[in-house]
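A short write-up of the structure that comes next.
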Amino acid sequence: MASTSIPGENFEVRQTSATEDWHPEPSKSLPLDKARQALVDDIIALYSCEPTIERVKRYTPDCVYDDQFVYANDRYKMAGQWFALPKLFKESKNEGYEVVRSDDEVIQFKNEQSWTFKVIPKTATINALVTLSLDPETVHSDFIRVKYHKDQANDKDYSHEGLGFTFKKWQADQVAKHMDSKEVEYFEADKTAGKEHVRKYGDGMGEAPEKNFQGASFQEERATSGPEFTISDHKTATKAANPIPEEIKRDPEDQELSARSGSSAKQALFDKR
């Protein structure tokens, strides 16, 4: 089930919030149909240290995963992250989630997850805003797939710049390569999936409008505020803001991608990006 649409980088949703409190209220969660609920169930299972090949197939080969510790820009690297979690954590328990947006573009939910380390008997509970940008080719199918998975732990978005981002990207690149896992090897062909240059934004506020994430009220706000920034609009705007020829904007992998195509897991749960 190959995807012929544009690579995952084009599906990033940019956003900030007036608050960094992502504590979910499950009773206020928006209802989901069967196919969407199945997708969310699989994503929650991945967060809960229950990876399977079928669950990782929820992502397109050219997907992007973006959180405060990781930037993985294909499904092979993504598989490395999910299958590494059970090696690092004794348990990961979902404490609840609240769906605040569900439409043809994204499913978005506040998530609370408790992580218990293997090496030290300590549990950390993390609240985050999870944004799943949906694959247009499968959005109305029984098996919906994800193009861009963003996990935000505070009110700011990610700049994709600086030493912190360099580490995020390096970590994702290394984990999959060094995993001794047949499940990760299953996705090795995805290393050659379509990629584009990393979008860079200067800081966590760049191209990231403030939004209200209050479930039903958020849906009503979107319905009355006019058309939202579309994927095609975003592609045009990010290219204008980050012109590809600027070599200083590229890291070594970006330059390799240009030449070739012409175009961990969580390590410190107490740090903010």
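No lab work stands behind these numbers, since they all come straight from the coordinates. Owing to the predicted nature of the structure, the values given are computational and were not obtained by experimental measurement. Positions of Cβ are backbone-derived with ideal geometry, glycine not excepted, and every protein chain shown enters the neighbour counts.
Below, the figures for the structure above:
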quantity	calculated
Packing-based exposure ordering (other Cβ within 10 Å, fewest first) of Phe167, Phe83	Phe167, Phe83
Around Tyr186: net Lys/Arg minus Asp/Glu count, Cβ-Cβ under 11 Å	-2
Residues His140 and Phe117, FRET efficiency given R0 of 35 Å [Cβ-Cβ distance, rounded to 0.05]	0.30
Neighbour-count order for Cys63, Cys49, fewest beta carbons within 10 angstrom listed first	Cys49, Cys63
Extension reserve of the Lys182-Ala35 stretch, reckoned as 0.36 nm per residue once the Cα distance is removed	50.1 nm
Chain lengthening between Thr52 and Lys28 when straightened (0.36 nm per residue, less Cα-Cα)	5.7 nm
Separation in nanometres of the label points that stand 7 Å from Cα toward Cβ, at Asp104 and Lys191	3.8 nm
Residue order, fewest to most beta carbons within 10 Å, for Glu161, Glu25, Glu98, Glu210	Glu210, Glu25, Glu161, Glu98
Positive minus negative residues near Val139 (Lys, Arg vs Asp, Glu; Cβ under 13 Å)	-3
Gain in span if fully extended, Leu163 to Leu88, counting 0.36 nm per residue against the direct Cα distance	24.6 nm
